[in-house]
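Input: a single structure, listed below in structure tokens.
The values are calculated or read from the model by the stated rules, or taken from the named source; none is laboratory data. Quantities reported herein were computed from a predicted structural model and do not represent experimental measurements. Cβ atoms come from the backbone with ideal geometry, glycine included; neighbour counts cover every protein chain shown. Heavy atoms of the whole protein, side chains included, go into the accessibility calculation; ligands, DNA and RNA do not. Shrake-Rupley method; radii C 1.70, N 1.55, O 1.52, S 1.80 Å.
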Amino acid sequence: MDGVKLVPSVGGVSEPEAWHQTNEIVRMLSQNTGSTHTPLFASAIPSKSIYQALQKDESFAEVRRLWRSAKGAIVGIGSPTTGRTSLSSAIPKDSLPDSIGDVCLHFFNRDGRELTFPGSDRIVRIPTEDLSTIPYSTAVAVGEEKCWSIVTAASMKFFRRLVTDEATATHILRALRV
């Protein structure tokens with residue numbers, strides 16, 4: 001992918017689980033594809049003072065510019081927050097009882113309304129208006145529990161293509177027939 005620049009879509013520098021360490025995921029993908037990457041040096045939800053400093057930071061301004069001009073994205077779709085075994089350590093799971101899923105830490109309910117919680121105004125993530133205008137966006141999601149998360153995220157235009165397995169696709173098609 002010579003000439004391609006990769007950038008994380010969410011903050012996550014202090015996450016204990018590898019799949020939430022966005023800089024490392026992007027670095028490894030870049031290393032294995034011959035592309036370059038721009039790291040995002042921020043937690044998923046930084047303190048108020050760090051969040052304010054980020055707004056003036058040149059490297060964060062570059063990340064935001066890359067988000068606005070992105071031509072492609074690969075995103076995951078999270079399952080409902082209640083009962084979820086893995087979630088960014090910064091997200092207060094108990095404050096999202098109506099969440100049926102998320103894309104890039106944009107949590108939403110079944111009606112497609114984005115949900116807020118204490119600290120959500122400081123989440124470091126690609127804005128929904130940038131995410132929904134990326135022409136080549138692909139979501140990856142597997143599991144019956146993600147059926148409505150996938151359907152709702154699609155209606156919110158968080159992705160244009162879906163990679164899933166046959167069982168999940170069957171659940172989605174059955175759910176949409178109702």
If Ser49 meets every condition in (1) modelled with pLDDT of 95 or more; (2) open to solvent by less than 30 Å² (accessible area, probe 1.4 Å); (3) among the small types (Gly, Ala, Ser) apart from one, which number is that one? (2)
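For every residue, the table says whether it meets (1) open to solvent by less than 70 Å² (accessible area, probe 1.4 Å); (2) assigned to a helix (DSSP H, G or I).
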residue: Asn32; (1), (2): no, yes
residue: Arg68; (1), (2): no, yes
residue: Arg84; (1), (2): yes, no
residue: Phe107; (1), (2): yes, no
residue: Pro118; (1), (2): no, no
Within region 132-159, how many residues are surrounded by fewer than 19 Cβ atoms within 10 Å (Cβ to Cβ), in a loop (DSSP other than H, G, I, E, B), touching a residue at least 40 places away in the same chain (Cβ under 8 Å) and in contact with a Phe, Trp or Tyr (Cβ under 9 Å, 6 or more places away or on another chain)? 1
List pairs: first in region 27-55 and aliphatic (A, V, I, L, M), second assigned to a helix (DSSP H, G or I) and crowded, with 19+ Cβ neighbours inside 10 Å, Cβ under 7 Å, 6+ apart or cross-chain? Leu40/Thr22; Leu40/Asn23; Leu40/Val63; Ala42/Leu54; Ile45/Arg122
Tell me which residues, restricted to region 43-71, are touching a strand residue (DSSP E or B) at 6+ places or on another chain (Cβ under 9 Å) and within 13 Å of Val13 (Cβ to Cβ). Ala44
Scope region 120-130; condition farther than 20 Å from Pro80 by Cβ and part of a helix (DSSP H, G or I); matching residues: Asp121, Arg122, Glu129, Asp130
Specify the residue that is modelled with the lowest pLDDT; the eligible residues are those in region 54-93 that are touching a Phe, Trp or Tyr at 6+ places or on another chain (Cβ under 9 Å) and over 27 Å from Thr36 (Cα atoms). Ser86
